[in-house]
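The values are calculated or read from the model by the stated rules, or taken from the named source; none is laboratory data. As the structure is a prediction and not an experimental result, all values here were calculated from the model. Cβ: placed from backbone, ideal geometry, glycine included. Neighbour counts: every protein chain shown.
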Amino acid sequence: MTIPTEATSIESSGAGSWTEVPDVAEVLSRIDALGPRWRERARKLDEAVEYPYENFAEAKAAGLHALTLPTKYGGAGFWLPGRYSPWYQALERLAWWETNTAQLLQVHNHAAGIIAWHSTPEQRERFLPEIADGAICASLGSEAHLYENGAEVLEAELIKVNGGYRLTARKGFASVAVAAKYLMVWCAVEGDAPYAGRMLFAVVDVDSDGVELLDDWQMLGMRSTISCGVKFNDVFVPDSHVVGKPGGWVTEDPRTFSCAYASNHLGSAQAAFDFLAGYISNRPDLCDSEVVRVKLGQMDARLFATRACLQATAKRLDQGDDPDECEADAVRTMHLAKDAVLTIPYQGFDLVGARACHERYPLGQMMRDARTFTLHFSDDLYVERLAQLALGNGFSAKGGRGGSTPFEVGSGASGQATAGA
Ligand SMILES: Cc1cc2nc3c(=O)[nH]c(=O)nc-3n(C[C@H](O)[C@H](O)[C@H](O)COP(=O)(O)OP(=O)(O)OC[C@H]3O[C@@H](n4cnc5c(N)ncnc54)[C@H](O)[C@@H]3O)c2cc1C
């Protein structure tokens, strides 16, 4: 894999926008118009370990890069109070068509939504029109380095200098980075407080001196996301590009990423199920098997349960229910979604047999993508928190170990649960 440079030409292509909060049906129909091409390209992109530039250009033209920007700036206003449900519906549909592109649009839109929320009015005027115009944002939280083993420790720290800060750091798993104009880096200001309490966002222009994208993404699945490593070698970050107050992600923003992951996993699981149902319906010998039908029926029910939980959780978020309670429900939902996306393709092979392993079918890639993506944040670490809640030890959406905030281990802040996307 080589880090391509087409990003600039894609950036200058037309970007669609929204003049008011759209009806979700309109967003879904725009996704459906693009989806068949994305699905068709998926295997080649996977084989070549290539970023879906064309998909992104099309997504931008359809305004899908601006789903989480406020409507004042040409966005659809999703992932904002009262408007969580349409965001998750859009993500599920995107992933139904193609999970890699869905994940990348999720990362970018979350980064854009974070910049929109935490910026000062001046920063909003600076960054949001650019993003609406097509500047793509990555979200760099993880410090798990692909070619090194050992515990992931969050160390990225801004050092104050005249007019801004200096940043020397290494981030890993940076989805979207190869196509980004802005690298939104989760980092801390200097101090003795716990990492999450000092954390804010450095919005680094990818062309800044000292930024180096690493050619290290050779993975089992999610290959076309090119979630590469990025080095920051004494990069100057002007004051104007440091967004948020220290700790603001934890204290001033109730949002998390859990339902978004659940949505992607659910969409991917549904796509695998639909493939299986299609394959089986063309095989009278399989259709006639009660054993096969029972298995398929169980999968159908699992998808229904996951979707019902996602919708219920999204509704609670839209109603403005207690954020900790909502997040506990989101974690429950994500557990079910991970289970669905891991088991349906895997067990599906038992129904459709060895010939479905041929590369002309999508099930193998679906299984690899699911296995890789569900490791983004470990399910075990999430559900353990639910057990703590059941044992009377409480649950905090942002203050505990989870996929949305770094947690403390000993004196430093340790990863797995790094924020990111
Ligand atoms: C496709 C993909 C895209 C990604 N994109 C982004 C992105 O855009 N931005 C970003 O910031 N991050 C991204 N990530 C990275 C993600 O946020 C994690 O940082 C990364 O996956 C952690 O790698 P790891 O599992 O090797 O970490 P480790 O923390 O080393 O985990 C290794 C294993 O140890 C377990 N483990 C860890 N800590 C404990 C503990 N205390 N107790 C018991 N078990 C533990 C984990 O569950 C896991 O099974 C992406 C990940 C994937 C897979």
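Structure data summary
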{"quantity": "The listed residue being in a helix (DSSP H, G or I) and under 26 Å from K171 (Cα atoms), out of E143, E47", "calculated": "E47"}
{"quantity": "Odd one out for E125, checked against (1) over 23 Å from C187 (Cβ atoms); (2) in contact (Cβ under 8 Å) with a residue 12 or more places away in the chain", "calculated": "(2)"}
{"quantity": "Criterion (without any contact (Cβ under 8 Å) to a residue 60 or more places away in the chain and of a type outside the set (G, A, S)) met by exactly one of V250, V211, V237", "calculated": "V211"}
{"quantity": "Matching residues in the range 126-151 - criterion: being more than 9 Å from the ligand (Cβ to nearest atom) and of a type in the set (A, V, I, L, M, F, W, C)", "calculated": "F127, L128, I131, A132, A135, I136, C137"}
{"quantity": "Residue within the range 65-79 that is under 22 Å from A370 (Cβ atoms) and assigned to a helix (DSSP H, G or I) present", "calculated": "no"}
{"quantity": "Residue in the range 369-398 that is nearest to the ligand (Cβ to nearest atom), counting only those that are of a type in the set (A, V, I, L, M) and in contact with a Lys or Arg (Cβ under 7 Å, 6 or more places away or on another chain)", "calculated": "L381"}
{"quantity": "So W87, is it closer than 29 Å to L363 by Cα and not in a strand (DSSP E or B)", "calculated": "yes"}
{"quantity": "So D46, is it surrounded by fewer than 17 Cβ atoms within 10 Å (Cβ to Cβ) and either acidic (D, E) or over 15 Å from D369 (Cβ atoms) (or both)", "calculated": "no"}
{"quantity": "Checklist (1) touching a residue at least 24 places away in the same chain (Cβ under 8 Å); (2) closer than 16 Å to K398 by Cβ applied to L310, failing item", "calculated": "(2)"}
{"quantity": "Failed item, numbered, when V107 is tested on (1) crowded, with 23+ Cβ neighbours inside 10 Å; (2) in the same structural domain as K60 (by TED's automatic domain parsing); (3) touching a helix residue (DSSP H, G or I) at 6+ places or on another chain (Cβ under 7 Å)", "calculated": "(3)"}
{"quantity": "Near pairs, Cβ below 6 angstrom, 6+ apart or cross-chain, from the range 138-160 (under 26 Å from F236 (Cβ atoms)) to any residue that is within 10 Å of the ligand (Cβ to nearest atom) and among the aromatic types (F, W, Y)", "calculated": "G141/W186; S142/F173"}
{"quantity": "Candidate set: the range 158-178, residues that are under 15 Å from the mean Cα position of the chain (by Cα) and not aromatic (F, W, Y); chosen: the one nearest to the ligand (Cβ to nearest atom)", "calculated": "S175"}
